[in-house]
Amino acid sequence: MNVTDYTYLINKPDAINEKQTDALGKVLDEFPFFQSARALRLKGLYNQNSFKYNYALKVTAAHTTDRTVLFDFITSDTFVAIQKGLYDKKVLELLDINVIDLEIIKPEIKVEPKINTLEQSILTTIKGSNQKEVDETTKIAVDKLEIGKPLDFSTNEKHSFQEWLQLSRIQPIEREKEVLDISKTPILVDEKKKKAELIDKFIEASPKISPIKQGVASPAYFEPNKQDNSLLMTETLARVYLEQKKYQKAIQAYEILILKYPEKSSFFADRISDIKILQQNNN
């Protein structure tokens, strides 16, 4: 890719094609911190509806100085809209196809070799039927849930965007617990003795706590503000949990969406059923 082509794409990112997207990938292999090139490649992957888009979004965010700029870019009309000129060109190409003649192609019939004995047939059926059924149901569920399809964020979904940038599985840091040898720390022993003596003196003094006078308001307890997750819940956030394989969170997300949008309850219920199939087959 030369400078002229790159400058053109900077001004018209919606015009990027598959070949230019691959070229930008090679540029990034050599210059991984080229932020604008990463953003342009991201647009190219989005146009192709590529399964690589979601992962590329994380990588692009990691290489971006200001993620708010990236968020504004991926939620802009320029990013989401398909290039009108390219769309019109494809439509014209389809309309210009001339059908000269037709030919009926008969499918080839493949003759499978017969199994020698009935025993071999039974064993093969038992081994393959269960796994084949599981694979089929899993594939159908994945297709229905559109796993791998580029995530579409709107301008009011910053929370969903931040959730997607988090690691799908956070492993706790295990530290070795240091055993404290009291015999080697006489200072700590003295401090414990002093505290014990103070407690004993306090008990011996039997101090009385005067009751609160009537009419005096008791101090109010402070309750931290609890954020209502239902207000932040969107279909995109539910898909984020699904892409991260957080199946239980995805199920809870769709349950909240059923309450928020009862008119789409059957659609969300189907999604929950498909997620449970994935959850069961992946355990």
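The values are calculated or read from the model by the stated rules, or taken from the named source; none is laboratory data. Fair warning: this is a prediction, and the values are worked out from it, not measured in the lab. We place every Cβ from the backbone using ideal geometry, glycine too, and count neighbours over all the protein chains shown. Only protein heavy atoms, including side chains, enter the accessible area calculation; ligands, DNA and RNA are left aside. Shrake-Rupley method; radii C 1.70, N 1.55, O 1.52, S 1.80 Å.
Checked against (1) open to solvent by less than 20 Å² (accessible area, probe 1.4 Å); (2) at pLDDT 90 or above, LYS19 meets all criteria but (1).
Remark: pairs (first residue in the range 158-171, basic (Lys, Arg); second residue at pLDDT 85 or above and surrounded by fewer than 15 Cβ atoms within 10 Å (Cβ to Cβ); Cβ separation under 9 Å; 6+ apart in sequence or on different chains) = LYS158/THR68; ARG169/LYS245.
Of all the numbered requirements in (1) touching a helix residue (DSSP H, G or I) at 6+ places or on another chain (Cβ under 8 Å); (2) touching a residue at least 24 places away in the same chain (Cβ under 8 Å); (3) surrounded by fewer than 19 Cβ atoms within 10 Å (Cβ to Cβ), ARG38 misses one, and that requirement is (3). Against the list (1) part of a loop (DSSP other than H, G, I, E, B); (2) modelled with pLDDT of 90 or more, the condition THR65 fails is (2). In summary, helices (runs of 4 or more DSSP H) completely within the range 164-282 and bearing 1 or more residues that are at pLDDT 55 or above, of a type outside the set (S, T, N, Q) and closer than 22 Å to ASN54 by Cα occur at 229-232, 235-243, 247-260, 265-281. You will find that of PHE51, PHE33, the residue that is out of contact with any helix residue (DSSP H, G or I) (no Cβ under 7 Å at 6 or more places or on another chain), closer than 15 Å to LEU151 by Cα and not in a helix (DSSP H, G or I) is PHE51 and no other. Scanning the range 263-279 for residues being more than 18 Å from the chain's Cα centre (by Cα), among the aromatic types (Phe, Trp, Tyr) and open to solvent by less than 80 Å² (accessible area, probe 1.4 Å) gives a total of 0.
Listed by first and then second residue, the pairs linking a residue in the range 257-280 that is under 16 Å from VAL240 (Cβ atoms) to a residue that is open to solvent by less than 50 Å² (accessible area, probe 1.4 Å) and among the small types (Gly, Ala, Ser), with Cβ atoms under 6 Å apart and 6 or more places separating them unless they lie on different chains, are ILE275/ALA250; LEU278/ALA141.
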